[in-house]
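The values are calculated or read from the model by the stated rules, or taken from the named source; none is laboratory data. Just so it is clear, the model here is predicted, and its values are computed rather than measured. Here the Cβ is made from the backbone with ideal geometry for all residues, glycine too, and neighbour counts use every protein chain on show.
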Amino acid sequence: MSASLGRAAAALLRWGRGVGGGLRVPGVRAASSGESGSAEHLDTLVKKDKVVVFLKGTPEQPQCGFSNAVVQILRLHGVRDYAAYNVLDDPQLRQGIKDYSNWPTIPQVYLNGEFVGGCDILLQMHQNGDLVEELKKLGIRSALLDEKTDQDSK
Ligand SMILES: N[C@@H](CCC(=O)N[C@@H](CS)C(=O)NCC(=O)O)C(=O)O
Ligand code: FES
């Protein structure tokens with residue numbers, strides 16, 4: 001069943017990175033992780049809002065197709081109230097967030113302070129229904145639920 005497979009994959013990925021995400025061994029942090037890229041600062045950032053994304057560009061003007069995909073998926077679910085940080089504005093943030101999550105690419109999506117993944121994982125969660133469930137846990141009702149009432153008996 002693809003839904004449980006998706007959940008298992010996401011759980012495995014989260015587990016692989018540990019609770020809170022990221023490797024935070026003093027002295028092993030990348031040299032480029034300055035103020036805005038420090039694990040402490042990023043920890044605060046990702047926990048400040050329920051939905052946090054790190055993008056190339058902004059939600060209004062994404063500068064890469066992968067970041068645009070994340071923006072469009074959130075838009076489909078009616079999620080408008082989220083924090084977005086543009087890594088193109090800040091090289092320290094761009095490197096720091098990769099070190100924090102131990103994930104090599106942008107975009108990065110965090111729900112309730114927990115690293116979820118990039119655009120492939122968010123797309124998978126969108127397709128298998130996990131995203132609706134994860135948003136529900138955050139008290140966010142996906143707009144997609146309101147469009148299904150005609151066809152769906154649920
Ligand atoms: N498969 C990735 C696509 C994202 C990706 O490959 N991002 C690249 C190109 S935008 C990246 O961030 N490279 C490192 C960098 O540009 O700092 C995902 O699921 O998010
Ligand atoms: S900026 Fe080139 S693939 Fe994202």
Some residue of region 127-143 being charged (D, E, K, R), at pLDDT below 95 and touching a Lys or Arg at 6+ places or on another chain (Cβ under 8 Å): no
Wholly within region 75-154, helices (runs of 4 or more DSSP H) carrying at least 2 residues that are without any contact (Cβ under 8 Å) to a residue 40 or more places away in the chain and buried (at least 18 other Cβ atoms within 10 Å of the Cβ): none
Filtered residue count, region 44-70, keeping only those that are assigned to a helix (DSSP H, G or I) and farther than 18 Å from L138 by Cβ: 6
Residue within region 9-29 that is at pLDDT below 50, basic (K, R) and away from ligand 1 (no atom under 16 Å from the Cβ) present: yes
Test result for I97, closer than 22 Å to S36 by Cα and either away from ligand 2 (no atom under 14 Å from the Cβ) or not basic (K, R) (or both): yes
